[in-house]
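Working notes for the structure below.
The values are calculated or read from the model by the stated rules, or taken from the named source; none is laboratory data. What you are looking at is a predicted structure, and each value in this text was computed from that prediction instead of being measured. Here the Cβ positions follow ideal geometry from the backbone for every residue, glycine too, while neighbour counts run over all protein chains shown. Remember, those area values only see protein heavy atoms, side chains included, never the ligands or the DNA or RNA. Shrake-Rupley method; radii C 1.70, N 1.55, O 1.52, S 1.80 Å.
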Amino acid sequence: MANLPAEQMPVKINVKTVIRDRGEKQTFDLTAFGRFHQKGEANFLQYDESMEAGTAKTIIKMGDQDGVILRSGAVKMRLPFRLNKKMRGSYELPYGTLEMLTTTKRFDHTYNETTKQGSIELLYELKTQGANTGTYHLKITFEEDAK
């Protein structure tokens with residue numbers, strides 16, 4: 001990866017999503033390889049995810065007070081986060097765009113320069129087109145992939 005700017009670090013990423021909705025619980029685990037870099041006050045995590053419809057490129061930007069998950073490719077989505085605030089996002093489908101609303105209950109992210117490890121934790125309520133979609137607990141851990 002010699003063509004990457006020096007500040008971009010290859011990382012191994014573990015994503016765990018727990019969705020609770022109407023008394024039911026679903027858990028999803030994903031391991032991916034991507035890149036991490038810092039720009040100004042923000043941390044960026046990028047990775048690709050394969051799915052039935054193709055590949056989705058995911059970018060997670062975490063700042064001091066807010067963050068956003070952006071997906072492009074097979075899925076086009078913008079999901080913003082700000083602690084204790086309702087934020088408007090979108091999910092694009094072939095037949096139209098769905099409005100999404102996040103209410104963030106937990107917003108933590110860390111990166112340790114010495115160990116080259118970090119984590120992102122989000123707990124949020126999600127509404128799609130005004131209907132409750134569930135409470136999402138997203139826990140992402142990443143570490144330098146020194147191959």
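Under 18 Å of direct C-alpha separation, and excluding same-chain neighbours fewer than eight residues apart, Lys116 reaches these lysines: Lys12, Lys39, Lys61, Lys139, Lys147. In percent, rounded to a whole number, the relative contact order of the range 11-147 is 21, using alpha-carbon pairs under 8 Å and six or more apart. Simple point charges give the picture: +1 on the Cβ of Lys and Arg, -1 on the Cβ of Asp and Glu, and for the range 94-145 a dipole about the Cα centre of about 300 debye. Give me the net charge of Glu99's neighbourhood, meaning all other residues with Cβ under 10 Å from the Cβ of Glu99; Lys, Arg count +1, Asp, Glu -1. Around Glu99, the surrounding residues sum to +2. Of the accessible area of the range 23-97, computed with a 1.4 Å probe over protein heavy atoms only, carbon and sulfur atoms account for 45 percent. Test of understanding: in a Gaussian network model of the chain with alpha carbons linked when under 10 Å, which of Phe28, Phe81, Phe36 would top the mean-square fluctuation ranking? Residue with maximal mean-square fluctuation among Phe28, Phe81, Phe36: Phe28.
In the range 1-110, taking the dipole from charged Cβ atoms about the Cα centre, the farthest positive-side position among Phe36, Ile19, Tyr95 is held by Ile19.
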